[in-house]
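To start, the structure itself, in structure tokens.
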């Protein structure tokens with residue numbers, strides 16, 4: 001099998017996932033530059049969607065294009081993708097920056113002390129490290145509104161748990177395997193829960209239903225339990241409680 | 001406009017499904033939809049419904065329903081043993097339910113998923129544009145859950161025009177899982193070529209662990225060429241992922257839209273239902289085909305469903321050959 005060099009971002013690999021899905025792969029690693037190419041292609045395809053494309057799914061390093069092969073030939077789809085230029089993606093909203101409130105109180109950050117012990121710093125330092133970083137939303141997956149984030153400080157780069165912990169609550173901010181995540185639905189998890197946000201990543205009754213887009217940047221801001229309760233009530237009523245960060249001067 | 005009510009008397013694992021929840025995989029939303037898309041579309045086609053209309057998916061747990069007023073139904077797929085009003089019916093059948101007379105579907109010796117379409121429109125509030133039930137995220141169907149005894153489905157624009165039971169002449173559902181066709185990839189290069197040959201040449205057994213999310217296979221474990229963790233990418237229905245233990249998992253309707261294990265191959269659209277219908281303990285083998293062959297098989301399915309489905313009255317004496325074909329004799333159902 002011939003290998004196209006994965007390091008060459010200008011030459012994506014076209015991989016078939018059956019006859020109704022095409023993977024356009026720009027790399028094999030978690031890398032903002034690779035993810036940028038994925039999101040550019042996604043934006044370009046959404047701006048100029050060939051007839052027969054059903055939906056596109058951006059991931060860390062590739063774009064999956066689901067298509068109807070009775071309406072669109074594989075070869076025509078590949079040509080259409082190759083024919084797209086960066087100009088077609090120019091209308092993509094630049095990644096937005098958000099400040100997301102969260103509470104690290106032990107009642108919310110259920111695994112904070114365990115993480116502090118494991119990485120050899122104080123709980124306060126874990127909190128400072130976690131809330132001091134900028135995170136990139138790479139992709140969603142796993143469950144509706146479950147966002148995978150890159151940008152976790154290396155000190156917090158724990159492997160995931162060998163066996164899952166009991167279900168985390170809705171809105172859990174988690175770390176594991178060198179990544180961070182914001183979880184939507186409560187589920188058993190191999191990740192560590194550091195905090196909880198009152199923001200809803202997913203709400204079927206709110207417009208927008210899903211708050212963040214891949215390519216957005218998040219920063220977490222610690223709030224006390226009283227503020228959490230107030231924001232949680234507002235978010236539950238359909239309000240967006242994360243706020244847009246001021247543009248950098 | 002007539003509204004009918006279809007009462008659910010029992011039905012472990014039965015769910016409402018439509019053609020699936022599309023357009024939200026980018027946000028982590030599972031599409032759901034039918035396990036056997038061809039059987040699902042066939043049941044709807046038999047009643048002249050939209051091919052993606054909401055229908056009841058029946059599992060090996062079976063189903064028992066009754067309508068308060070006469071109502072057309074069509075059942076396709078899964079080789080279920082069907083009884084209504086004291087009669088045993090062929091497993092692919094259309095009929096008008098008699099008022100307050102129970103219709104039961106029991107799993108046969110072969111097949112796992114059946115579809116009960118109704119003449120009319122099952123009225124449920126959609127989630128993100130679809131009525132497809134995904135119980136793990138609580139989307140679709142009735143409150144995001146499987147159907148249960150005591151539920152009553154409202155059927156708008158209800159029809160009662162089919163009359164006496166009629167066998168559906170649907171030879172395309174008389175499929176055997178001899179060789180499930182796959183397109184290799186997207187990560188076939190994560191396996192040495194002799195491991196790909198082993199995947200195709202050796203038989204696999206479907207385990208009892210399967211559900212709407214995945215079909216788990218047992219056999220000689222496959223070895224990865226370079227590790228079993230990849231950076232997550234998209235997952236199509238029918239993707240065959242191979243985790244660290246080397247045992248393939250075929251991801252089906254309730255799959256997550258992304259995942260991090262290498263996918264050695266993908267089951268072609270036309271064979272998704274054939275695989276889904278294999279009961280626990282059954283064997284499967286895979287055969288690699290080209291994209292062109294996969295598309296041709298898909299086109300043949302579409303063409304089969306283009307004309308109206310032929311219905312033949314269920315009679316107890318003069319059996320025509322087509323009638324016998326419609327009976328699905330494999331299951332030993334002989335009316």
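The values are calculated or read from the model by the stated rules, or taken from the named source; none is laboratory data. These numbers were taken from a predicted model, which means no experiment stands behind them. Here Cβ is always computed from backbone atoms with ideal geometry, including for glycine, and neighbour counts include all displayed protein chains.
If I filter the stretch A:106-131 down to residues being over 16 Å from residue A:182 (Cα atoms) and within 24 Å of the chain's Cα centre (by Cα), which single residue comes out as surrounded by the most Cβ atoms within 10 Å (Cβ to Cβ)?
The residue in question is A:126.
When residues of the stretch B:279-299 are filtered for being surrounded by fewer than 21 Cβ atoms within 10 Å (Cβ to Cβ) and either in contact with a strand residue (DSSP E or B) (Cβ under 9 Å, 6 or more places away or on another chain) or at pLDDT below 95 (or both), how many remain?
Total meeting the criteria: 13.
Please go through the stretch B:112-150 and give me each residue that is part of a loop (DSSP other than H, G, I, E, B) and within 30 Å of residue B:314 (Cα to Cα), ordered by number. Can you show your working first?
From the stretch B:112-150, those part of a loop (DSSP other than H, G, I, E, B) are B:112-113, B:119-120, B:123-126, B:128-129, B:131-133, B:135-138, B:140-141, B:143-144, B:146-150; that's our starting set.
Within the stretch B:112-150, B:112, B:113, B:119, B:120, B:147, B:149 qualify.
For the structure I just gave you, tell me whether residue A:153 is out of contact with any strand residue (DSSP E or B) (no Cβ under 6 Å at 6 or more places or on another chain) and modelled with pLDDT of 95 or more.
Answer is yes for this residue.
A quick yes/no check of all residues on (1) on the phi > 0 side of the Ramachandran plot; (2) without any contact (Cβ under 8 Å) to a residue 60 or more places away in the chain; (3) not in a loop (DSSP other than H, G, I, E, B):
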{"position": "B:9", "(1), (2), (3)": "no, no, yes"}
{"position": "B:19", "(1), (2), (3)": "no, no, no"}
{"position": "B:23", "(1), (2), (3)": "yes, no, no"}
{"position": "B:29", "(1), (2), (3)": "no, no, no"}
{"position": "B:38", "(1), (2), (3)": "no, no, yes"}
{"position": "B:48", "(1), (2), (3)": "yes, no, no"}
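Table: residues versus (1) surrounded by fewer than 17 Cβ atoms within 10 Å (Cβ to Cβ); (2) over 26 Å from residue B:178 (Cα atoms).
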position: B:90; (1), (2): no, no
position: B:97; (1), (2): no, yes
position: B:111; (1), (2): no, no
position: B:123; (1), (2): yes, yes
position: B:138; (1), (2): yes, yes
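Determine whether residue A:81 is facing chain B (nearest Cβ under 9 Å), more than 15 Å from residue B:258 (Cα to Cα) and either assigned to a helix (DSSP H, G or I) or at pLDDT 95 or above (or both).
So residue A:81 fails the test.
Would a scan of the stretch B:231-240 turn up a residue that is surrounded by fewer than 24 Cβ atoms within 10 Å (Cβ to Cβ), within 14 Å of another protein chain (Cβ to nearest Cβ) and at pLDDT below 95?
yes
Taking the conditions exactly as written (under 30 Å from residue A:36 (Cβ atoms) and either in the same structural domain as residue A:204 (by TED's automatic domain parsing) or surrounded by fewer than 24 Cβ atoms within 10 Å (Cβ to Cβ) (or both)), does residue A:153 satisfy them or not?
yes
Take residue A:183 and tell me if it is within 12 Å of another protein chain (Cβ to nearest Cβ) and closer than 17 Å to residue A:102 by Cβ. Lay out the reasoning, then the answer.
Values: within 12 Å of another protein chain (Cβ to nearest Cβ): yes; closer than 17 Å to residue A:102 by Cβ: yes.
For residue A:183, the condition - within 12 Å of another protein chain (Cβ to nearest Cβ) and closer than 17 Å to residue A:102 by Cβ - is met.
Return a yes/no flag: does the stretch A:43-56 have any residue that is in contact with a strand residue (DSSP E or B) (Cβ under 6 Å, 6 or more places away or on another chain) and either part of a helix (DSSP H, G or I) or in the same structural domain as residue A:156 (by TED's automatic domain parsing) (or both).
yes
Return the residue satisfying two criteria in turn: it lies in the stretch A:21-54 and is in contact with a helix residue (DSSP H, G or I) (Cβ under 6 Å, 6 or more places away or on another chain) and either under 21 Å from residue A:216 (Cβ atoms) or facing chain B (nearest Cβ under 7 Å) (or both), and of such residues it is surrounded by the fewest Cβ atoms within 10 Å (Cβ to Cβ).
The extreme case among them is A:47.
Mind listing just one residue for me: the one in the stretch A:92-135 that is closer than 30 Å to residue A:50 by Cβ and out of contact with any helix residue (DSSP H, G or I) (no Cβ under 6 Å at 6 or more places or on another chain) and, of those, modelled with the lowest pLDDT?
Filtering first and then ranking leaves A:93.
Yes or no, residue by residue, for (1) in a helix (DSSP H, G or I); (2) at pLDDT 95 or above; (3) under 28 Å from the mean Cα position of the chain (by Cα); (4) within 14 Å of residue B:276 (Cβ to Cβ):
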| position | (1), (2), (3), (4) |
| --- | --- |
| B:183 | no, yes, yes, no |
| B:197 | yes, yes, no, no |
| B:200 | yes, yes, yes, no |
| B:209 | no, no, yes, no |
| B:217 | no, yes, yes, yes |
| B:221 | no, yes, yes, no |
